[in-house]
C-alpha cells in the first residue's frame with residue numbers, strides 16, 4: 001500500500017464511485033475500480049478491499065433492478081460463475097494476475113472485432129441464451145471476477161449478441177455479479193484477503209458507492225438504447241486495451 005494517505009483516499013473514493021456506478025446500470029465502469037486501486041496497492045489487495053463496497057452497493061442495485069432481468073441468463077450464468085469462483089480459489093497464489101488481464105483484454109477485443117464484422121455484413125439477428133456458450137463464458141466471468149473483479153468482458157461477450165433491452169441487460173449484470181460477490185466472500189476469508197482492521201475505511205466508502213449507483217441508474221434510464229450499446233462497446237474497447245497494457249507492462 002502507498003505511504004501517501006492522500007493518494008490512497010483519492011484512489012479509494014474514485015474506485016468506490018466506479019463500483020456504485022456499475023451497480024446502477026453501467027457495468028463497463030466496474031472494470032476501472034481495481035485498476036484504480038492498483039495504483040496504491042496490489043490488485044488482489046485492492047479487490048479484497050473493494051469487495052465489501054461491492055456487497056453493499058449490490059443490495060441497492062438488486063432493489064433497483066428487481067423487475068428488470070433475464071431469468072434464463074441468470075439460470076445459466078450463476079452455476080457457471082460458481083465453477084469459475086471455485087477455480088479462482090483453487091488456483092489462488094498460482095495465478096499470474098497480469099496474464100489474466102491480458103487474456104481478458106484479448107477476449108474483449110476479439111468480441112468487438114466480431115461485432116464489427118457482423119455490422120459490415122449487415123444487421124445481425126439476436127442470438128439466444130444458449131447453455132454451452134453460457135457455461136464457458138460464465139465460468140470465465142466468475143474466475144476473472146474472483147481474481148480482479150474483471151468479469152464484465154466475458155459477460156458482455158455472452159449477453160450483448162442477445163440484444164436484450166438495455167434495462168434488462170443492466171439488471172441481469174447487476175444481479176449476476178451481486179451473486180458472484182457473495183460467492184467470493186468465503187474463499188476471500190479463507191485466503192486471509194479481507195482484513196477486519198480495514199472495516200472503518202470501507203464503511204466510509206459506502207456512501208460514495210451508493211451515490212455512484214444512484215447516478216449510474218439515472219444515466220442508464222435516459223440514454224437511448226442504441227447509444228447505450230455503443231457506449232458499452234467503446235468502454236469495452238478502452239478497458240480491454242488498458243488491461244493488455246497493464247498486463248504486459250507489469
(Q) Against the conditions (1) more than 29 Å from residue 110 (Cα to Cα); (2) at pLDDT below 85; (3) touching a helix residue (DSSP H, G or I) at 6+ places or on another chain (Cβ under 8 Å), where does residue 200 fall short? Just the number, please. (A) (3)
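Could you grab me the full set of residues in region 127-155 that are within 13 Å of the chain's Cα centre (by Cα) and in a loop (DSSP other than H, G, I, E, B)? Steps first, please.
Of region 127-155, the ones within 13 Å of the chain's Cα centre (by Cα) are 138, 140-155.
Within region 127-155, 149, 150, 151 qualify.
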Q.
With surrounded by 24 or more Cβ atoms within 10 Å (Cβ to Cβ), more than 20 Å from residue 84 (Cα to Cα), in contact with a helix residue (DSSP H, G or I) (Cβ under 8 Å, 6 or more places away or on another chain) and modelled with pLDDT under 90 as the only criterion, which of 170, 154 stands out?
A. 170
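Quick one: which of 84, 46 is at pLDDT 85 or above and crowded, with 18+ Cβ neighbours inside 10 Å? Spell out the reasoning first.
Working: 46 fails: at pLDDT 85 or above.
Criteria check complete, one pass: 84.
Looking at 117, 94, 101, which one is part of a helix (DSSP H, G or I), more than 18 Å from the chain's Cα centre (by Cα) and at pLDDT below 80?
Values: 94 fails: part of a helix (DSSP H, G or I); 101 fails: more than 18 Å from the chain's Cα centre (by Cα).
Among 117, 94, 101, only 117 is part of a helix (DSSP H, G or I), more than 18 Å from the chain's Cα centre (by Cα) and at pLDDT below 80.
Among the residues of region 57-67, is any closer than 18 Å to residue 155 by Cα, in contact (Cβ under 8 Å) with a residue 40 or more places away in the chain and part of a loop (DSSP other than H, G, I, E, B)?
Kept after step one, since they are closer than 18 Å to residue 155 by Cα, are these residues of region 57-67: 58, 61-62, 65.
Checking which are in contact (Cβ under 8 Å) with a residue 40 or more places away in the chain leaves us with 58, 61-62, 65.
Filter once more, so that each one left must be part of a loop (DSSP other than H, G, I, E, B): 65.
Scanning region 57-67, I find at least one residue that is closer than 18 Å to residue 155 by Cα, in contact (Cβ under 8 Å) with a residue 40 or more places away in the chain and part of a loop (DSSP other than H, G, I, E, B), so the answer is yes.
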Q. Can you tell me which residue in region 198-250 is farthest from residue 159 (Cα to Cα), limited to those that are outside any helix (DSSP H, G or I) and touching a residue at least 24 places away in the same chain (Cβ under 8 Å)?
A. 250
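The values are calculated or read from the model by the stated rules, or taken from the named source; none is laboratory data. Quantities reported herein were computed from a predicted structural model and do not represent experimental measurements. Ideal geometry is used to build each Cβ from the backbone, glycine not excepted, and the neighbour counts take in all protein chains shown.
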